Amino acid sequence: MTTGQLQDLLIARLVRDHGGTRQKWRKLIGNVHLYDRKTHPHCNWAINCLGSRSEVEAIEGLIDDIRNKHPLVSPER
């Protein structure tokens, strides 16, 4: 999975589960930050999300779920 695919997956699930637009959630999610797999062998990505308390809770809850299934992602090519 690439960083773009990860963003798309998060956005699609947030729109489906919480409503709103793709643009809104993309803005709140921001960029996927990648870490070197040598120093982060179990999970090499993080997201610093924005938004209201409920929006951040929705995003962070989903991130926890997605991270268990996709702990390692690749940069866009």
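Summarising the overall dimensions of the chain from its C-alpha atoms, the Rg and Dmax are 12.1, 38 angstrom. Surface analysis of the range 3-77 yields an accessible area of 65 Å² per residue, using protein heavy atoms and a 1.4 Å probe. Sequentially through the range 56-69, phi angles give Karplus couplings (6.51, -1.76, 1.60; θ = phi - 60°) of 5, 4, 5, 5, 5, x, 5, 4, 4, 5, 5, 4, 5, 8 Hz, Gly and Pro residues having no value and appearing as x. Couplings for the range 29-35, taken from phi via the Karplus curve 6.51 cos²θ - 1.76 cosθ + 1.60 with θ = phi - 60°, read 6, x, 8, 8, 9, 9, 10 Hz in order; Gly and Pro are left as x.
For Leu50 and Met1, a Förster radius of 22 Å and the Cβ-Cβ distance give a FRET efficiency of 0.45, rounded to the nearest 0.05. When only Cα pairs below 8 angstrom with a gap of at least 6 residues are kept, the chain shows a relative contact order of 40 percent. Computed from phi, the 3J(HN,Hα) profile of the range 43-48 under the Karplus parametrisation 6.51, -1.76, 1.60 (θ = phi - 60°) reads 7, 10, 9, 8, 10, 9 Hz, with x in place of Gly and Pro.
The values are calculated or read from the model by the stated rules, or taken from the named source; none is laboratory data. Remember, predicted model here, so these are calculated numbers, not experimental data. Methodologically, a virtual Cβ is constructed for each residue, glycine included, from the backbone with ideal geometry; neighbour enumeration extends over all protein chains shown. Accessible surface is based on the protein model in full, side chains and every heavy atom, while ligands, DNA and RNA are left aside. Shrake-Rupley method; radii C 1.70, N 1.55, O 1.52, S 1.80 Å.
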